[in-house]
Each structure stands twice: as structure tokens, then as C-alpha cells.
Amino acid sequence: MNDKERELLREEIYELTELFYNEWDDLRNALHKVNIKIDNGRLVAFCEDEYSNECGVFITSNNEIIQFEINNESDKIQTKIITNIEEASKDFPQLVIALED
């Protein structure tokens with residue numbers, strides 16, 4: 001990964017985290033509802049499909065890495081704690097950058 005790619009990922013993390021705390025009340029509430037400690041964390045990856053289902057990765061203030069999937073139709077939230085950063089960074093290269101900062 002070159003410096004430009006690293007900087008773009010850093011900007012993405014910053015922008016996602018700003019949106020998470022300042023605009024995305026529903027996402028904050030959903031993660032809080034399943035006992036994820038959202039205070040001072042970082043949203044490092046996020047995507048939404050055509051059915052408004054959401055998925056992403058959130059890193060808590062104590063660097064616990066949580067992958068989430070939200071099915072908005074059924075209101076189900078699945079979470080998984082990521083422990084193998086090397087494996088997860090294949091799908092979420094932002095993790096490496098987020099953990100460096």
C-alpha cells in the first residue's frame with residue numbers, strides 16, 4: 001500500500017467517524033443497542049446495500065474490533081469480534097490504518 005492509498009483510507013475513516021457521531025443516529029443507536037461501547041470509537045468501514053442493510057467495522061476506544069451486519073427489514077443485528085487482523089484486513093484494509101493511528 002502506497003502513501004496515497006494510506007492517506008485516502010485515513011480520510012475515509014475520519015469521514016465515516018464524523019458521520020457516525022454527527023449524523024447517523026440510527027446506526028449509533030443500533031450498535032449501542034447490542035452493547036457496543038460507541039463512545040470515542042471509530043467507524044472504519046461501512047456499506048449499505050439496495051435493501052438498506054448495513055455492514056461495517058467499528059473499533060471501540062479500547063481497540064476492540066467489531067464487524068457488524070444490520071438487517072433493517074428484520075431489525076436483526078449480528079456482530080463478530082475480529083481477532084485475526086491480518087485475515088480481516090484482506091476485506092477491510094482500513095483496519096491496518098486505523099490501528100496505526
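List of remarks:
- The apolar share of the surface of the chain, taken as the fraction of accessible area on carbon and sulfur atoms (1.4 Å probe, ligands and nucleic acids excluded), comes to 43 percent.
- Within straight-line cross-link reach of K33, lysines at Cα separation under 25 Å, skipping those fewer than 8 residues along the same chain: K76, K80
- The chain: radius of gyration over Cα atoms, expressed as a fraction of 2.2 N^0.38 Å: 1.03
- Student exercise, the chain dipole from Lys, Arg, Asp, Glu Cβ charges, in Debye to nearest 20: 440 debye
- Value of relative contact order over the chain, rounded to a whole percent, pairs C-alpha under 8 Å and six or more apart: 21 percent
The values are calculated or read from the model by the stated rules, or taken from the named source; none is laboratory data. This is a predicted model, so every value here is computed, not measured. Counting neighbours? That spans all protein chains shown, and the Cβs are built from the backbone with ideal geometry, glycine included. Calculation scope for accessible area: heavy atoms of the full protein, side chains included, ligands and nucleic acids excluded. Shrake-Rupley method; radii C 1.70, N 1.55, O 1.52, S 1.80 Å.
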